[in-house]
Amino acid sequence: MASITMKNIVKEYDDGFPAVNDISIDIEDGEFVILVGPSGCGKSTLLRMIVGLEDITSGEMLINGERVNDKPPRERNLAMVFQNYALYPHLTVFENIAFPMRLAKGQFSDSEVKEKVQKAAGMLELTEHLERKPANLSGGQRQRVAMGRAIVRDANAFLFDEPLSNLDAKLRGQMRAEISQLQRRLNTTSVYVTHDQTEAMTLGDRVAVLKKGLLQQIASPRELYEQPANLFVAGFIGAPSMNFLPGTVEDGPVGSMSLNTPLGSIELPEELAAAGKGRDIVLAGIRPEFFAEASTVDESKRGRGSIVRAELTHVEWLGNEQYGYISYENDPRVVDTLQNLAHDMDADDLRTQLVVALDATSRVRGGDSADLWVDTRRIHLFDPSTGENLTRDEEAGAELTRLAAEDRKRDRERTAAD
Amino acid sequence: MAGSKGLTGRQKLGWAVVSVVVLVYALFPVAAIFANSFKTQADLGNPSFWPRNWTLTHYEMIFVGGAQELFLTSLRNSIGITLIATFVAVVLATLCAYAIARLNFPGKRIILGAALAVSIFPVISVVTPLFNLWRTIGLYDTWPGLIIPYLSLTLPISIWTLSAFFRQIPWELEQAAQVDGATQWQAFRKAIVPLAAPGVFTTAILAFFIAWNDFVYGISLTSTEAARPVPAALAFFQGASQFEEPTGAISAAAIVVTIPVVVLVLLFQRRIVSGLTQGAVKG
């Protein structure tokens, strides 16, 4: 059990390229922190610096308050699960799991080793496979052996480097749940690297979003979702992604303010309007589920939003909901920004289409025009040149992260009581 | 290369003919030596390929007869020197190839280049200076005096083959071992060496052949039975009288020293081929 503290960590390669640039993160004892970002953002490098496989150019890495910058991996007492599992092919599953204990000569008697391996195998449902070689196991089983090797010794922390990326989608969901439960049960500090925002959202107590070696925001999944710090975080978190609609804040009818967008005019609440006022152009971040078909919205709620009329190009029905797509003419002044954003997120070229989530029972088809209600209170406005979120509510965000920390403490007490 | 499925009958026939021609060309001398080793002394001069009377006299001669001392001591020399040279080469090459495959250090390319240069350097041009040097420092006609030059033959190919093998082993395994609490040396020994074992083995066989078959160093750097290996010793066989050629005995000895090589190749054919192509393609 340990806390991990990173102070202004920098990793510069020989050619001067900073893979990780001035990152400071405090990880509490027992916390599950996710490092997420598109490929090349430095997340794996950061993880490897924690475990000691990568040198730290500058900054301090503390484990339990002790500086470990110059310690080799074996002295850091951390356990790591690699992307390709890194199982020893010449050893049986039993010996693979026992490997760390075999290395710590004299610390474990044979019977202790056996007992610990059996216990880990039981926890991971590997008991029947102990005598097999890794080559004869399925992907999920190999993954579990790698986890077994990590949990068998009392490591200070678990480090996961994209552990699920080699599994198929169904198994990935299952293993995700298992990792989450295991971490809760053992209550071991964990750092988990992924490029998959679903894994990040479902597993993490806190999620650190990285881009090009820079920390964009570290917060609970809810805060990232509700109060993103900038355009990148807003676009990266959430599936389908947030829509970014260019617009100008103008005086509307009857003294109210409205946002003039390619879709038409959207009436804005006062605080939002104030943040975007006087700017040439802003990007309105609207998540697909902020939309609803106007006819399905309660009278009481309807007043808290605004209604636009648009033609849907096509719809996708998924059973529990359906997505409608709307094409629009983009403003040339934001094309570059959005192009860069798509590029940063490893996405395809930018498509100027809006995604709206509709009720699964809606019978709107592609080609139909529909009245769409927008929940304007949840809209965020972004500055297209800096990407900064103009309407971020720091306090509300901090509150969300505080609540998440509280939830974790409750979980911990519950497991301790069991 | 054409897959065997795509071959027409004509092409198959063509390949078969080519294969037979190559096989006959390569194996005819061996077969001739084999036949000669069973001919009686009088029979050796006659033009028929197979012996008229099969005899084991020449084998008796080299194992228990007059040539016994010459042959058996040289056989002992050959086996000892070759095994030691192979062992040293493989150990050194394993460490060297591991460093080349894993570490980034200045001069890495130079080492690989130098290894290649050494292996294409004609042996005969080194032998005379080496002969003088060895006599001066007392290595002439000793086991180490042959083992050291043999290393120059076996090390380059060992380094190239092994570094190709090491590159195939995922680096994560070693890192995983280090995270699991291993020192660099332990990670190497417990995670890498077991996986590289087939490669090391192949390399050992290749190195063994090279050292076993050497003639130039063997004949030039030895003068007595103290270190003379079999290929060199064959030249010193004598006939029963000065008018008789020791062809039969030489043939018998040649067959005997070929046996270990043939056995090794038959046993490990597949590995040797994969080892050779690895060195060739990936190196």
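Counting only residues that are in contact with a strand residue (DSSP E or B) (Cβ under 9 Å, 6 or more places away or on another chain) and either assigned to a strand (DSSP E or B) or among the charged types (D, E, K, R) (or both), the stretch A:359-384 holds 15 of them. May I ask you to verify whether A:Asp383 is touching a residue at least 24 places away in the same chain (Cβ under 8 Å) and closer than 30 Å to A:Leu318 by Cα? Considered against the rule, which asks whether it is touching a residue at least 24 places away in the same chain (Cβ under 8 Å) and closer than 30 Å to A:Leu318 by Cα, A:Asp383 comes out as no.
Residues that are among the aliphatic types (A, V, I, L, M) number at least 2 in the following helices (runs of 4 or more DSSP H) confined to the stretch A:192-247: A:197-203, A:231-236. Does A:Pro228 satisfy the condition of being at pLDDT 90 or above and in contact with an Asp or Glu (Cβ under 7 Å, 6 or more places away or on another chain)? When the stated conditions are applied, A:Pro228 does not pass them. When residues in the stretch B:166-213 are screened for being more than 7 Å from every other protein chain (Cβ to nearest Cβ), of a type outside the set (Phe, Trp, Tyr) and either part of a helix (DSSP H, G or I) or under 30 Å from B:Pro229 (Cα atoms) (or both), 24 of them pass. Put simply, of A:Glu128, A:Glu162 the only residue that is more than 29 Å from A:Ile27 (Cα to Cα) and acidic (Asp, Glu) is A:Glu128. Selection over the stretch A:144-177 of residues that are at negative phi and either of a type in the set (Asp, Glu) or touching a residue at least 60 places away in the same chain (Cβ under 8 Å) (or both) gives a count of 19. As a summary of the residue check, B:Phe87 satisfies the conditions (1) more than 14 Å from chain A (Cβ to nearest Cβ); (2) among the aromatic types (Phe, Trp, Tyr); (3) not in a helix (DSSP H, G or I) except for the one numbered (3). For the stretch A:311-328, the criterion of being out of contact with any strand residue (DSSP E or B) (no Cβ under 7 Å at 6 or more places or on another chain) and in contact (Cβ under 8 Å) with a residue 60 or more places away in the chain is met by no residue. Taken over the stretch A:1-27, the criterion of being hydrophobic (A, V, I, L, M, F, W, C), under 15 Å from A:Leu214 (Cβ atoms) and assigned to a strand (DSSP E or B) is satisfied by A:Met6, A:Ile9, A:Val10, A:Ala19, A:Val20, A:Ile23, A:Ile25. Take B:Gly248 and tell me if it is touching a Ser or Thr at 6+ places or on another chain (Cβ under 9 Å), crowded, with 23+ Cβ neighbours inside 10 Å and within 14 Å of chain A (Cβ to nearest Cβ). No.
All of A:Leu53, A:Leu47 fail the test of being touching a residue at least 24 places away in the same chain (Cβ under 8 Å) and either within 18 Å of A:Gln217 (Cβ to Cβ) or not small (Gly, Ala, Ser) (or both), apart from A:Leu47.
The values are calculated or read from the model by the stated rules, or taken from the named source; none is laboratory data. Because the structure is a prediction, the values reported are computed rather than measured. Because the Cβ atoms are built from the backbone with ideal geometry, glycine has one as well, and the counts that use them run over all protein chains shown.
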